[in-house]
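The next block holds one structure in the form of structure tokens; read it before the comments.
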Amino acid sequence: MQARRVEFYRHDLGELELASLRETLSTPFLTLGPRVASFEQRLAAELGAPHVVGVSSCTVGLQLALTALGVSAGDEVVTTPMTFLSTPNAALYVGATPVFADVDARTGLIDPDDVARKITPRTRAILAVHLYGQMADVRALRALADRHGLALVEDAAHGFECERDGARPGSIGDAAVFSFYATKTITSGDGGAIAVRDDGVAARLRRLRNHGVNKDAVSRYGGTFSHFDMVELGVKGAMTDVEAALLLPQLERARARRDARHALADRYVAALRDVPGVETMERVGTSTHHLFPVLVPSARREEVLLRLSSAGVGCAVNYRAVHTHTYYRERFGLPDEALPRALLIGQRTISLPLWPGLPDEDVDHVVACLRQALA
């Protein structure tokens, strides 16, 4: 008899996105065009941000944000090891050195006290991550950044719908960068965006995402022909109108989807309270609940992953501490034990299925499978 399958994630793209895509296909622009501008305006309104700049991925967005804020070769960027590789890689892409601060053992979020200890005369920016959809302590990090004259960049790849202490992504930091990868809270398969408050930084980001050119295609070909000029070295990193067409309808239901994930997370927490060997992460603020991680004994984590997978339960590890990956270990030589809290989370964490529309009975089945895997 085939095992019951519970997918780790499912999108809910459908007729609304198809209609929006058809509308875009009926226009001359498929790449960086008017639909991107519409999406930027709508997301900016949702966030209360002066500017949003659409880009091709969160990874590119992080790189461009650091560049636009003046981070370059020889600088240091203090960031977290409890994240996907894109976060510290962005510092490497601009020639800077990522310096890891440890995390809070209860949340996995970057620890402002350890950030303070890692700041040196070469530090130019703090790059925080809103892990699993929970906001880092941006107010404490902003105070640190202001005290030392640093930029504060928020990696908000796990969703724009989070809040903490009256702050939204981009309201405290100098830039907040979002992801619309396939499994994110809204998705176009890939893509990203950057929210910023400074007019000059926003203008520079619009150039940097488009090869450093001072006019986009709409400006050049939307009416009377206009020449363009390349004024600095940029990248090919703009969002497309096709991606924006898929994203626009999802903005309308983003909060409802967040509430659905919240209800599922509540069900998990209640059901897991009496499962021996399982811990859930502490909640702070209003989370997007992009992921639902649990902690199991490190000595049994690989066995539990195998048992869940064999039972048809989709699961993942978010994340192994970055400094334990081969490239980072060989390049920077940081001992695994140098960041003990991130190391332990990375050895214990398992992400369980969570997506709007996941049936309650599937949540109960996942919990039963986890209980059995640990028995």
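The values are calculated or read from the model by the stated rules, or taken from the named source; none is laboratory data. Bear in mind the structure is a predicted one, so any value in this text is a computation, not a measurement. Backbone-built Cβ (ideal geometry, glycine too); neighbour counts: all protein chains shown.
Numbers below:
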item: Residue identified as in contact with a Leu (Cβ under 8 Å, 6 or more places away or on another chain) and aromatic (Phe, Trp, Tyr) among PHE29, PHE84, PHE39; result: PHE39
item: Residue check for VAL115: in the same structural domain as LEU150 (by TED's automatic domain parsing), assigned to a strand (DSSP E or B) and aliphatic (A, V, I, L, M); result: no
item: Residue that is surrounded by the most Cβ atoms within 10 Å (Cβ to Cβ) [pool: residues in region 64-103 that are out of contact with any strand residue (DSSP E or B) (no Cβ under 9 Å at 6 or more places or on another chain) and in contact (Cβ under 8 Å) with a residue 40 or more places away in the chain]; result: THR67
item: Qualifying residue in region 144-166 (condition: among the basic types (Lys, Arg), touching a Gly at 6+ places or on another chain (Cβ under 6 Å) and either at pLDDT below 95 or closer than 23 Å to ASP198 by Cβ (or both)); result: yes
item: Count of residues meeting criterion [free of Cβ contacts under 8 Å to residues at least 40 places away in the same chain, of a type outside the set (Gly, Ala, Ser), over 16 Å from PHE100 (Cα atoms) and surrounded by fewer than 22 Cβ atoms within 10 Å (Cβ to Cβ)] in region 138-181; result: 5
item: Listing of helices (runs of 4 or more DSSP H) fully contained in region 176-268 that carry 1 or more residues being at pLDDT below 95 and not polar (S, T, N, Q); result: 217-221
item: Selection status of GLU15, free of Cβ contacts under 8 Å to residues at least 40 places away in the same chain, among the charged types (D, E, K, R) and surrounded by fewer than 19 Cβ atoms within 10 Å (Cβ to Cβ); result: yes
item: Evaluation of VAL304 against (1) farther than 19 Å from ALA136 by Cβ; (2) in a loop (DSSP other than H, G, I, E, B); (3) touching a residue at least 60 places away in the same chain (Cβ under 8 Å) (one fails), failing number; result: (2)
item: Search result, residues across region 130-173 that are in a strand (DSSP E or B) and either more than 14 Å from CYS58 (Cβ to Cβ) or in contact with a helix residue (DSSP H, G or I) (Cβ under 6 Å, 6 or more places away or on another chain) (or both); result: ALA151, LEU152, VAL153, ASP155, GLU163, ARG164, ALA167
item: Which listed residue, of VAL129, VAL77, is hydrophobic (A, V, I, L, M, F, W, C), assigned by TED's automatic domain parsing to the domain that holds VAL55 and within 14 Å of the chain's Cα centre (by Cα); result: VAL129
item: Region 232-253, residues that are surrounded by fewer than 18 Cβ atoms within 10 Å (Cβ to Cβ) and either among the aromatic types (Phe, Trp, Tyr) or over 21 Å from THR59 (Cα atoms) (or both); result: LEU251, GLU252, ARG253
item: Candidate set from region 307-319 (those that are in a helix (DSSP H, G or I) and of a type outside the set (Ser, Thr, Tyr)); member that is farthest from the chain's Cα centre (by Cα); result: ARG307
item: Scan of region 119-137 for residues that are surrounded by fewer than 24 Cβ atoms within 10 Å (Cβ to Cβ) and touching a His at 6+ places or on another chain (Cβ under 6 Å), ordered by number; result: ILE119
item: Members of region 182-201 that are of a type outside the set (Asp, Glu) and in contact with an Asp or Glu (Cβ under 8 Å, 6 or more places away or on another chain); result: ALA182, THR185, SER188, GLY189, GLY191, ALA193, VAL196, ARG197, VAL201
item: Residues of region 50-106 satisfying the condition of being among the polar types (S, T, N, Q) and outside any loop (DSSP other than H, G, I, E, B); result: SER57, THR59, GLN63, THR67, THR79, SER86, THR87, ASN89, THR97
